[in-house]
Each structure stands twice: as structure tokens, then as C-alpha cells.
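The block underneath contains the structure these notes are about, expressed in C-alpha cells.
The values are calculated or read from the model by the stated rules, or taken from the named source; none is laboratory data. What you are looking at is a predicted structure, and each value in this text was computed from that prediction instead of being measured. For neighbour counting, all protein chains shown are included, and Cβ atoms are generated from backbone atoms with ideal geometry for every residue, glycine included.
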Amino acid sequence: MNLVRALGSIGSLTLASRVLALVRDSLQATYVGASFASDAFLVAFRLPNMFRAFFAEGAFSAAFIPMFNRKVSEGGGEMGMALAFAERALAVLFAILVLFTVAMLAAAWPITWALSGGFSRQAPSPQQFDFAVTLSRITIPYLMLISLASLLGGILNSLHKFWVNAAAPILLNIAMVTALLVFHGDPYQTAQAQAVAVPIGGVMQLAWLAFACHRAGVSLKLRAPRLDPEVRALLKLILPAAAGAGAVQINLLVSTALAGYLLDEGSISYIYYADRLNQLPLGLIGIGLGTILLPTVSRLLTSGREVEAMATQNRGIELALFLTLPATAALMIAAEPIVRGLFQHGQFTAEDTQRCAWALSAFSAGLPAYVLIKVLTPGFYAREDTKTPVRYATISVGVNLVLNLALIPLIKHVGPPLATAISASVNLALLYRTLRARGHFAADPQVKRRVPRLLVAAVLMGATLYAGQRLLDPWLLGSIWQRFLGLGLLVGTGGVIYVLACFATGAYRVADLKQLTARRATKE
């Protein structure tokens, strides 16, 4: 498989989704600002976001795809056995999700308190906290919808229809942007409209994937649930995979709760907006590569092609760092102008911009780790080992908790993002060390040669942005078109400098890039 082309297909759709998400966040900053209403919605949105990362981008795919591919292989390439397994998995998953959703709705009050730390420092009135609980109840059904959608998306990924699954998040963002544009009013009314848009977007995503499956000749019938040995094995794989794949999300959950308990009004919003910007390259690169690598490596290992599987992961790491290092430099060094251009208008003030930018710089320090975790974990999941990543995720969560408690008194709302970045780096180091010790991964000479040169190129790009960013400040406070033009110049200039620096340092040659985009995998 050509990783560049496959990532380009997924990346273009993910880019569309993330651009819509930035539009959504910019509108939300304008209409809601960094207030209690904003914090309440973001707490309610944290749980659906976490489940989306756990299931749609992590746990279910990690457990389901290798088992589904094995069934295809056992059936001689025919889909009958695999689809029968998918139907049995759907029956049990649906029953579990219905019960889980009902339980979550009943427990919305303590869940909201746990996710927010009770908004302790903000001292909300009973009516304000009840409002936060109401928003949680509205968004909770999305958990069931996105989990069911993840099963259909996993089937489509196994069929190499990556683009269909990658397009689904666009529908959620369309629903939320529409709600902001049509139903905005006072901050509380706008926050509630956003919450209602979340399950509506989930219905749209599930319908889209069901339609795509039907077009692909995949039609799943809802059976009576039965826990046969294969479904039991799937469930045993899902639970540890959820924690392993969602370590960053668990860390953000801990950070949000501690921020609500220990920090002032607006802190959750600063962390959220910073995380959204940090998630842009993570979604484009890390999640895209993880989506491609899992079925690819799984299929190679199933056919006994270990050397090709390792080479595929090497190219994944190389491509991940080529794209991630400049994003890291840009988000760390030019955090303030980026936040100013996107969010500083309406209810979002210059002080909010500065505080959000500090959080963004801290988050971005861990961006290479976030992305490489997505690249390395398929090496475990493809071998149906979901327990090792969960052990390391647990260590990562522990490190994050300790660092949050140590850093929040010192650097306030910047503490949680910095703790998240450091704990992700610990997780990455443990994953890499274990794969290498087991003989499942070794960096090849090409990666060893290129990575230091890519680092130098990213530093040169960052230095250029630091020297020239203030020239664009007047553009970033103008009309919406001036802001887009200013941000475009900032990003475009950084990109040009980085590409030139890659050539100057020898990280890449023109011939390398031609070969990279033209290379095709051997027939499988």
C-alpha cells in the first residue's frame, strides 16, 4: 500500500472535517466566549469526544479489524464468515450500548460532577450546575451512536474504503456549525443548541456509514445477542484497547476535571480551544496513519510477511515525523498569532488569547508523541495484543495525574496541557522499547538518517516564524477574510521554509519525493 496516497485520501477529508471544526470553535468563541456556559458545554462534550476517540479511532477498530480480516482469510477471501461474525458482534454491542446509555443518563449528575470537579473554583449556583447536567444528558446518546458507527467504519476500513469512514466526522461538524449559525443567542442558549446538535450529528454519521456499507454489499441484520466464544474474545480485546488507544483522551479527562476543581472560570475553555488546535495535525496525520496501518500490518502479518510489516511501520514513522515536526514548531512558536486569528473576536478577549496560546504551546510539545503512539500501537493490535498498550496507558495516566497536581499550583491552566504532553512521551517510550525488545520493530537506516535532518529543518522553520510573526498581527485582528489571509500567509510561509530546509539539510531530495509518491506496494 502506498502510505502517502492513502494518507492523502484520508487526510483531505480529515482536513475538511478539522477546518469545519475550527469554524465551529471560532463561532463558539464568538458567541459563548470563555464563560461558565462554555465550560459547561465543553464538559458535556468531553464524554462523547472521549468515546469517539476510544471507539471510532481506537478500541473497537483495534480489536475488530484483525479478527474480521482473519475471518476473511479463513473464508478464502470471501466475506460470508466475516460478515456473520460482524452480525454477532453487532447484536451484543447494541444490547450493551443500550444498557450503558440508560445507566449513563441516570447517572448524569455524578458524571458531570466528576468530569468538572464540580466547577469548585467557579462556585456555580444550583441552576448553573443543573444546566451543565442537562447538557450532559443531551449529549450522552451520542456514545451509542458513535460506537455503532465504529463497527460499520471498521468493516469499511477492512475493505480499504478508508475515505468513507474518514468523511463521517464532517457530518457532526456540519450539524454543530449549523446550530451555531441558526440558533445562537445568549451564551446559555447557544451552548444548549450545540449540545442538541451532537446526537443529531451522531445520527447523520451512523446513517452515512450504513448507506456506504449497503453500497459495498454489506448488509448486517440485528440478531438476538449471544455471547459465543468469538464475541467473548472480541470483548476481551476491546476493554484494554479502549484504555490503550485512549490514553491521551483519559489524560485530557483528568486534566479537565482538575481544571474545573482547581482553576478559575474559563480555564476549561482555554484548555479545550488549545487542544482543538493541537488535534488538527493529530487528526490529519496520527489518526489517518493509524487507520491505514492497522488493517495493512494485520493483513501482512496474517500472511506471514513480517519484514514487509516492519518496513511499512518504518515508512509510517518517517511520514509521521516529516509532517508532524513542522506542525509542532509552528504551534509552539506561533501559538499566539494563530489563536488571535482564529478566536479573538466577540466574547473572546485579548487576555483569553494569551492564556489559550500558553496552553497551546504546552500541548504542542507532545505532538510528535501523540502521533507516533498512533503509528506504533498497530504493531500490538495487529498481533491481537491489546493488553500491553493498556499497561502503558495506565502508567501514562498515573504520570499525568501526578504532574497535574504538581504543575497546576505553579503554572495554573498551562499545567494540564504540559502534563499531558509529558505523559504521552512516557507512553511512547514504553511502546517503542517493547516493540524493539520483542523484535517487532527496528528503525531502519533510512529513518535514522532522515529524522535528525527533519529536526533541523523544523527548527529553521520555527526560527523564521518567530522572527516574522509580528508582521502579520494587524491582519489577524481585521475582518474574517483578513484573518484567513494572514493565517494563510503564516502557514504558507512556514511550509515553504520547511520544504526548502528539508532539501538544504539533505533530509529529502527531489528524487526521494518522486519515489515516495509513485511507490506502489507489492501485490498482496
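Of all residues in the range 165-193, those that are in contact (Cβ under 8 Å) with a residue 12 or more places away in the chain and among the hydroxyl-bearing types (Ser, Thr, Tyr) have Cβ atoms under 7 Å from Cβ atoms of residues that are surrounded by fewer than 21 Cβ atoms within 10 Å (Cβ to Cβ) and not in a helix (DSSP H, G or I), 6 or more apart or on another chain, in Thr190/His184.
Test of understanding: among Gly185, Gly201, which residue is surrounded by fewer than 18 Cβ atoms within 10 Å (Cβ to Cβ) and either of a type in the set (Gly, Ala, Ser) or touching a strand residue (DSSP E or B) at 6+ places or on another chain (Cβ under 8 Å) (or both)? The unique qualifying residue is Gly185. All conditions but one from (1) closer than 30 Å to Ser116 by Cα; (2) surrounded by 20 or more Cβ atoms within 10 Å (Cβ to Cβ); (3) among the hydrophobic types (A, V, I, L, M, F, W, C) apply to Ile395; the one that does not is (2).
Is it fair to say Ala103 is modelled with pLDDT of 90 or more, over 27 Å from Leu156 (Cα atoms) and in a helix (DSSP H, G or I)? So Ala103 passes the test. Close Cβ contacts (under 9 Å, 6 or more residues apart or on different chains) running from residues in the range 68-79 that are under 15 Å from Leu220 (Cβ atoms) to residues that are part of a loop (DSSP other than H, G, I, E, B) and aliphatic (A, V, I, L, M) comprise Lys71/Met79; Met79/Leu159; Met79/Val218. Just one residue in the set Ile138, Ile174, Ile170, Ile155 is within 16 Å of the chain's Cα centre (by Cα) and assigned to a helix (DSSP H, G or I); that residue is Ile170. Counting only residues that are crowded, with 20+ Cβ neighbours inside 10 Å and polar (S, T, N, Q), the range 26-52 holds 4 of them. Here Ala216 meets the list (1) buried (at least 16 other Cβ atoms within 10 Å of the Cβ); (2) among the small types (Gly, Ala, Ser); (3) in contact (Cβ under 8 Å) with a residue 40 or more places away in the chain almost entirely, failing just condition (1). Within the range 368-385, does at least one residue satisfy the condition of being surrounded by fewer than 19 Cβ atoms within 10 Å (Cβ to Cβ), in a helix (DSSP H, G or I) and either at pLDDT 90 or above or out of contact with any strand residue (DSSP E or B) (no Cβ under 6 Å at 6 or more places or on another chain) (or both)? No, that holds for no residue.
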